[in-house]
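A quick write-up on the structure given underneath.
The values are calculated or read from the model by the stated rules, or taken from the named source; none is laboratory data. Just so it is clear, the model here is predicted, and its values are computed rather than measured. Virtual Cβ from ideal backbone geometry, glycine too; neighbours counted across all protein chains shown. Heads up: the accessible areas ignore ligands, DNA and RNA and are worked out on the full protein's heavy atoms, side chains in. Shrake-Rupley method; radii C 1.70, N 1.55, O 1.52, S 1.80 Å.
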Amino acid sequence: MDAVEKKIKVLSESMITHFFVQKEDQYFVSYLSDNLLWMSDDNTFYDRQTTLAYLKQLRDDCHGVVKIKHQDFHVYSLRPHICFVVGTVTIEVGSEENQFRENEICISGIWQEESNWCLTHFYSAIKDERLMSQNGSLSLHQQLEVIQKATMIDPLTQINNLQGFEKEAAALLKQYPKQKYVMIKFGIRDFRFVNRRHGYKMGDLVLKHIAKNLLATLNDRETCGRMEKDVFAMLYCFEDKASLEQRVEQLETVLIDTPLRQRLETKIHFNIGIYQIENDHTEYIKDMLDKALIAQKKGSTSISHRHHYAYYEEWMMTAQYQRSKLLEEAPKAMEENEFSLYIQPQFDLTSGTLVAGEALVRWITQDGIRMPGEFIPIFEEQGFIFSFDYYMLDKICQQMRKWIDVGVEVHPISTNQSRLHIEEENYFKDFCAVIDRYQIPHEYIIFELTESAFVENSEKMVRLTELLHEHHYKIAIDDFGTGYASLNLLSVVPADILKIDKSMLKGYSTNIRTQIIIERIIQLAHDIGMSVVCEGIEEQAEWEYLKKIGCNIGQGFLMGKPVEAEAYRKLWLKTPNR
Ligand code: C2E
Ligand code: MG
Ligand code: MG
C-alpha cells in the first residue's frame with residue numbers, strides 16, 4: 001500500500017468513526033464532496049442531499065451506543081488523485097443494559113483529491129470479493145469498471161464530465177478516421193445573472209435542461225459533455241460550413257426550449273467557439289478543447305456579433321500567447337516602476353479654470369508606451385487588477401503628498417477603479433488605508449467606476465456610495481452612455497458626478513436626436529444635483545456647444561491630453577515661487 005492509499009484508509013476509518021460513534025455530522029460532512037453521488041444497486045444516481053438523508057437514516061436506525069468492532073478497508077489507486085475504497089465495518093449497537101448487537105456494513109466509494117481529499121462517489125452494494133462470503137455479486141474487476149465509469153459522469157447533468165468527454169471523443173476519432181469533425185465549446189453568456197436573478201436552483205435546472213437537449217442533438221458518431229460550471233463541449237461531425245452553422249445557430253433555441261425560456265423571462269445567449277479538427281485526428285483532445293475555448297472567448301467579446309460564435313484561427317493562439325506574456329511581465333513591471341501615472345485635466349467649461357484631473361496609467365516599456373486599453377481588460381480578466389488598482393492609487397497619493405508638502409495647489413484627482421472590487425469584502429477599508437497612509441484629505445479623491453458596475457450591482461453600489469460619502473469622498477459614474485445603464489440608475493445610486501463618454505459626443509452636430517439626448521441627460525443630472533463631465537472634447541465647437549447647453553465640466557484633447565504627473569504639475573498646477 002503506497003502513502004496515498006494509506007492516507008485514504010485512515011481517512012475512511014476516521015470518517016466512519018465520526019459518523020457512527022461520535023455522531024459528529026459536521027466533521028462527517030466535511031469529508032464529502034459538494035458533488036457527492038450515490039450509486040444505488042440498480043446503477044441509478046442520487047445527489048448529495050439524498051445520499052446524506054439515506055446515511056443518516058442508516059445511522060439513526062442504530063439506537064443506543066455504537067462501537068466499532070472491526071474495520072477492514074482496501075484502497076486501490078485508480079488514477080492520480082483518485083482512489084477506490086471498499087471495505088466492511090462491523091459495528092456493535094446497544095446499551096449496557098440490553099445486549100449489544102453486531103451489524104456488518106459494506107462501504108465503498110471513490111475519494112478524489114480536489115482541494116482536499118473528499119468522497120465523491122458512494123456505492124452501497126459493492127463488496128470486496130475477498131471480504132464477501134455471499135455470491136452473486138459483480139466481480140471486483142466489473143465493480144471497478146462501474147466505478148471508473150461513474151467518475152466520468154457529471155453528477156448534476158448526468159452527461160459526460162471532462163474526463164468522460166475526452167475518453168469518448170478520443171474513441172470516436174479513432175473509430176471514424178475518415179469522418180471530418182469540429183470541436184465546439186460553449187458557455188452561457190452572463191450565467192451568473194440567471195443564478196442571481198432566479199436562484200441557484202433555477203441555474204441548476206437550466207444546466208440540466210441544456211444537457212438533456214444537447215444529448216438529443218447528437219448522432220451516433222458524436223458526443224458531448226459538461227466541462228465545468230456553465231461550459232459544455234461537443235464533438236460534432238462536419239460536413240460543410242453551411243450546415244454546421246445552421247446547426248450552431250439553432251443551438252440557443254434547441255437547448256433552451258420555449259417553456260424554460262418563458263420561465264426565465266429573458267433570452268439566454270451562448271458564446272460558442274468552433275475548432276475544425278485536423279483530418280489526421282492525431283491532436284490531443286485537450287489541445288482541441290483549448291483551441292475551441294480560444295475561439296469561444298473571441299466570440300464572447302464581439303457583443304454585436306449576431307450569433308455569438310467564432311471559428312478558431314491560428315492568430316488567436318498568438319494573441320493568447322501575447323496576453324499570457326503580458327500578464328507574466330506585469331508584476332515585474334510593477335516592481336521596476338514601468339507603470340507611469342499620467343493625468344488629464346478637467347476644466348470648468350464657463351470659466352476655463354482647472355477643476356480636477358483624471359489619473360490614467362501608461363505602461364512605459366523599452367519598445368514604447370502601452371495604452372491601458374491593451375492591458376487593463378486582461379488584468380481584469382485574470383484578477384491582476386485587484387493589486388494593480390491599489391498600486392496606482394498608491395502612486396496617486398504619493399504624488400499628491402509630495403505636492404501638498406511643497407505647497408503646490410492641489411485639485412481633486414479621480415481614480416479609475418475596476419468594477420471587480422465591488423465583490424471584494426475589505427475593499428473600502430483597504431482603499432481608505434492607502435489614502436490615509438499618505439494623509440490625503442478625502443475631498444481630493446474621486447472614485448470613478450464604469451457604469452456597468454452600477455447596473456450589475458446596484459445594491460452594493462448604493463452601500464459603497466454611502467460609505468464613500470460618510471468619509472467625504474466623491475464618486476463618479478464613468479463611461480455613461482456606452483453600456484446598459486438606464487436613467488433609473490441615477491435615481492437609485494446617489495453618485496456625485498456623471499461622466500458622459502466620448503462616444504456620445506461624436507456625431508452630435510449631425511444628429512438632432514443625439515443632441516436632444518445629451519441635453520436632457522445633462523439637464524436631468526444637474527436637476528438631481530450631479531455634476532456632469534463630458535469626455536472627448538476635441539474641437540472648439542464641441543466646447544462651445546457643451547457650454548451653451550449647460551454642461552459644467554469638460555475633458556478632452558482640445559484642452560489637454562493626459563500627461564505624465566510632473567508635466568501636469570508644470571502645465572496646470574500653481575506652484576509656489578521658491
Ligand atoms: P476612461 O476612464 O473613460 O478614460 C478616458 C479615456 O479617454 C482615456 O483613455 C483618455 O486618454 C481618453 N480621452 C480623453 N480625452 C479624449 C479625447 O479628446 N479624444 C479621445 N479620442 N480620447 C480621449 P486611456 O488613457 O487610453 O484610458 C482608457 C481606459 O482605461 C480608461 O477610460 C479607464 O477605463 C481605463 N484606465 C486607465 N487607467 C486606469 C487605471 O489606472 N486603472 C483602471 N482600473 N483603469 C484604467
Ligand atoms: Mg475614467
Ligand atoms: Mg470615461
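Compared with the dominant principal axis of the Cα atoms in the chain, helix 314-335 is inclined by about 70°. The protection proxy used here, the mean number of other Cβ atoms lying within 10 Å of each residue, ranks peptides 113-122, 356-365 as follows, highest first: 356-365, 113-122. When the trypsin sites (Lys or Arg not before Pro) in the range 248-292 are filtered for DSSP coil states and for at most 13 other beta-carbon atoms within 10 Å of their beta-carbon, the remaining sites are 267. Say the dipole of the chain comes from +1 at the beta carbon of Lys and Arg and -1 at that of Asp and Glu; which of 541, 420, 259 then lies farthest toward its positive end? The listed residue farthest towards the positive side: 541. Straight-distance candidates among the lysines for linking to residue 291, with alpha-carbon spacing under 26 Å and chain neighbours fewer than 8 residues away dropped: 167, 174, 178, 180, 185, 208, 212, 229, 241, 325. For the chain, the longest principal axis of the Cα atoms and the long axis of helix 241-255 meet at an angle of about 80 degrees. Starting from the Kirkwood radius over alpha-carbon pairs of the range 340-454, derive D by Stokes-Einstein at 4 °C in a medium of 1.567 mPa s and give it in µm² s⁻¹. It diffuses with D of about 85 µm²/s by this estimate. Once the Kirkwood radius over Cα pairs is known for the chain, the Stokes-Einstein relation at 10 °C and 1.306 mPa s delivers a diffusion coefficient of 55 µm²/s. Assuming a ≥ b ≥ c are the square roots of the Cα gyration tensor eigenvalues, decide whether the range 395-541 counts as rounded (a/c under 1.5), prolate (otherwise, with a/b larger than b/c) or oblate. Verdict is oblate for the range 395-541. Seen against the Cα atoms of the chain and their longest principal axis, helix 200-216 is set at about 70 degrees. The Cα atoms of the range 488-578 define a convex hull whose projected area, averaged across directions, is 7.7 nm².
Listed by chain and number, the lysines whose alpha-carbon sits under 28 Å from that of residue 429, ignoring those within fewer than 8 places in the same chain, are 332, 395, 402, 460, 474, 499. Counting only protein heavy atoms and a 1.4 Å probe, the chain has 51 square angstrom of accessible area per residue. Take 524-533, 269-278 and order them by the average number of nearby Cβ atoms within 10 Å per residue, most first; the result is 269-278, 524-533. Put simply, the amide H of residue 223, placed in the peptide plane, has neighbours under 5 Å in 235, leaving out anything fewer than 5 places away on its chain. The Rg/Rh ratio for the range 1-42, using Cα coordinates for both the radius of gyration and the Kirkwood hydrodynamic radius, is 1.05. Computed about the Cα centre, the dipole magnitude for the chain is approximately 720 debye when only Lys and Arg (+1) and Asp and Glu (-1) carry charge, each at its Cβ. To check you understand DSSP bridge types, tell me what percent of the beta bridges within the range 274-428 (both residues inside) are antiparallel, rounded to 5. If I count the DSSP bridges inside the range 274-428, around 75 percent turn out antiparallel. Based on DSSP H segments of at least four residues, each scored -39500 (n - 2.57), the chain has a per-residue ellipticity at 222 nm of -13500 deg cm²/dmol. With R₀ fixed at 41 Å, the C-beta to C-beta distance from residue 10 to residue 394 puts the FRET efficiency at about 0.30. Listed by chain and number, the aspartates and glutamates placed with their C-alpha closer than 12 angstrom to that of residue 298 are 313; residues fewer than eight positions away on the same chain are left out. The residue 57 and residue 229 beta-carbon pair, evaluated with R₀ = 25 Å, returns a calculated FRET efficiency of approximately 0.20.
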